[in-house]
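Novice: Attaching a single structure in structure tokens format; questions to follow.
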Amino acid sequence: MKCRQCQKSAVIKMERHNTSLCGGCFNLYVHDQVDRAITENKMFDHGEQILVAISGGKDSLALWDVLIKLNYRTVGLHLNLGIGDYSERSQKKVEAFAASRGVELIVHAYQEAYGLGVIEIAEETARPACSACGTMKRYHFNRIAMERGFPVVATGHNLDDEASRLLGNVLQWQEEYLEKQSPVLSDEGGTWARKVKPLFRLAEREIAAYSILNRIDYIVDECPMSKGAKMLLYKDVLNRLEEASPGTKHKFYLGFLKRQRSMPTAPTVSKPADLHPCPSCGQPTQGAVCSFCRLMQRVAP
Ligand code: SF4
Ligand code: ZN
């Protein structure tokens, strides 16, 4: 199998683009897809400092690697969720990556901050683990970015993540979520940090190939709480469709983004004007207290 660009020996075949690429041309392809996602969607520029959320998995570490190589100013943020050995190993991978690239890393550990990990917090509040985890992650990404002056938070969500999330939202007609499903969420005039997903044009297997090719040492295990998650079922369904008809995920998600611009605003989504500072933590909220403080109030003292 030869590289379609330079005729060297190819390392990856990409059915959806009907092409095969060697290592060098594949790296250029990945960098180009990320660069295109950033510039076409006005995610950030070289003058801004970007907080990159790093779990220790392949996607977030690959994102950090590409942003460093594209000369963006980045600082990593790792949330140690306190899920036993899994979280300890994840943090070690992130620290090793940061040290090898000489880049700054912020670590925030739930166990140290709250005396509990995410599973215990979920149990105490009778919430599903991933639901409590999502609330906590969104809160900390935003809070740490705002407190430290980062205008933007980048996460490693890829095409498979976004297409499967879209499938779930469509299957359940979650219109308010559909409206928010974009690779860029605005900062609403400085109320929040901007949220961006620069890997949304790249498939999961392309990011896995990039990580291996660039010797990125990531945590291979999935979070133990992800077992049985609906999102994995949607990914599996989309993978089967992709196999039968290459390009399905790309057409589904990017086609949605194209049409999204003409969608009417869902009436259920509250306007930022309804926001006020949470009386407990100061973060913007539409409720009496923010969802994170509401969660933590339910944790027994
Ligand atoms: Fe959090 Fe793990 Fe659930 Fe992901 S799978 S939301 S990391 S608890
Ligand atoms: Zn609060």
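The values are calculated or read from the model by the stated rules, or taken from the named source; none is laboratory data. All of these numbers come straight from a predicted model, not from anything done at the bench. Methodologically, a virtual Cβ is constructed for each residue, glycine included, from the backbone with ideal geometry; neighbour enumeration extends over all protein chains shown. The protein model used for the area step is the full one, side chains on, heavy atoms only, and it has no ligands, DNA or RNA in it. Shrake-Rupley method; radii C 1.70, N 1.55, O 1.52, S 1.80 Å.
Novice: Given the structure, is TRP173 at positive phi and open to solvent by 70 Å² or more (accessible area, probe 1.4 Å)?
Specialist: Here the answer is yes, as TRP173 does meet what is asked.
Novice: Is the stretch 252-260 home to any residue that is under 18 Å from ALA37 (Cβ atoms), hydroxyl-bearing (Ser, Thr, Tyr) and touching a Leu at 6+ places or on another chain (Cβ under 7 Å)?
Specialist: Yes, some residue in the stretch 252-260 is under 18 Å from ALA37 (Cβ atoms), hydroxyl-bearing (Ser, Thr, Tyr) and touching a Leu at 6+ places or on another chain (Cβ under 7 Å).
Novice: Within the stretch 236-254, does at least one residue satisfy the condition of being modelled with pLDDT under 95 and open to solvent by less than 20 Å² (accessible area, probe 1.4 Å)? Lay out the reasoning, then the answer.
Specialist: Applying the first criterion (modelled with pLDDT under 95) to the stretch 236-254 yields none.
Checking the stretch 236-254: not a single residue is modelled with pLDDT under 95 and open to solvent by less than 20 Å² (accessible area, probe 1.4 Å).
Novice: Additional query: Considering only residues that are outside any helix (DSSP H, G or I) and in contact with a Lys or Arg (Cβ under 7 Å, 6 or more places away or on another chain), look in the stretch 122-152 and name the one that is least open to solvent (accessible area, probe 1.4 Å). Outline the logic, then answer.
Specialist: Step one: filter the stretch 122-152 for residues outside any helix (DSSP H, G or I), giving 126-128, 149-152.
After this cut, where a residue has to be in contact with a Lys or Arg (Cβ under 7 Å, 6 or more places away or on another chain) as well, the list is 151-152.
Numbers: PRO151: 45, VAL152: 0 Å².
Looking at the filtered set, the residue picked out is VAL152.
Novice: Just checking, which of GLU222, GLU179, GLU206 is exposed (fewer than 15 other Cβ atoms within 10 Å of the Cβ) and either within 16 Å of ligand 2 (Cβ to nearest atom) or more than 13 Å from the chain's Cα centre (by Cα) (or both)?
Specialist: The unique qualifying residue is GLU222.
Novice: Same structure, new question: Taking the residues in the stretch 271-297 that are over 26 Å from the mean Cα position of the chain (by Cα) and more than 13 Å from ligand 2 (Cβ to nearest atom) as candidates, determine which candidate is modelled with the highest pLDDT.
Specialist: Checked the stretch 271-297; the qualifying residue modelled with the highest pLDDT is ASP274.
Novice: Right, something else. Which residues, counting only those in the stretch 111-121, are within 16 Å of ligand 2 (Cβ to nearest atom) and surrounded by fewer than 18 Cβ atoms within 10 Å (Cβ to Cβ)?
Specialist: ALA113, TYR114, listed by residue number.
Novice: Of (1) more than 25 Å from ALA208 (Cα to Cα); (2) at pLDDT 95 or above, PHE141 satisfies all except one. Which?
Specialist: (1)
Novice: Condition first: of a type in the set (D, E, K, R) and closer than 20 Å to VAL94 by Cβ. Now tell me which residues in the stretch 196-221 satisfy that.
Specialist: Result: LYS197, GLU204, ARG215, ASP217, ASP221.
Yes/no per residue for (1) in a loop (DSSP other than H, G, I, E, B); (2) more than 16 Å from ligand 1 (Cβ to nearest atom); (3) among the β-branched types (Val, Ile, Thr); (4) in contact (Cβ under 8 Å) with a residue 24 or more places away in the chain:
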| residue | (1), (2), (3), (4) |
| --- | --- |
| LEU202 | yes, yes, no, yes |
| ILE212 | no, yes, yes, no |
| ILE219 | yes, no, yes, yes |
| LEU233 | no, no, no, no |
| PRO246 | yes, yes, no, yes |
| LYS251 | no, yes, no, no |
| SER262 | yes, yes, no, no |
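Novice: Do we have THR268 as at pLDDT below 95, away from ligand 1 (no atom under 16 Å from the Cβ) and open to solvent by less than 30 Å² (accessible area, probe 1.4 Å) here?
Specialist: When the stated conditions are applied, THR268 does not pass them.
Novice: Give the number of residues within the stretch 65-106 that are within 16 Å of ligand 1 (Cβ to nearest atom), β-branched (Val, Ile, Thr) and open to solvent by 10 Å² or more (accessible area, probe 1.4 Å). Steps first, please.
Specialist: Pass one, the stretch 65-106, residues within 16 Å of ligand 1 (Cβ to nearest atom): 77-91, 93-94.
Next, from what is left, pick out any that are β-branched (Val, Ile, Thr): 83, 94.
If we keep only those that are open to solvent by 10 Å² or more (accessible area, probe 1.4 Å) too, we end up with 83.
Adding up the residues that qualify gives 1.
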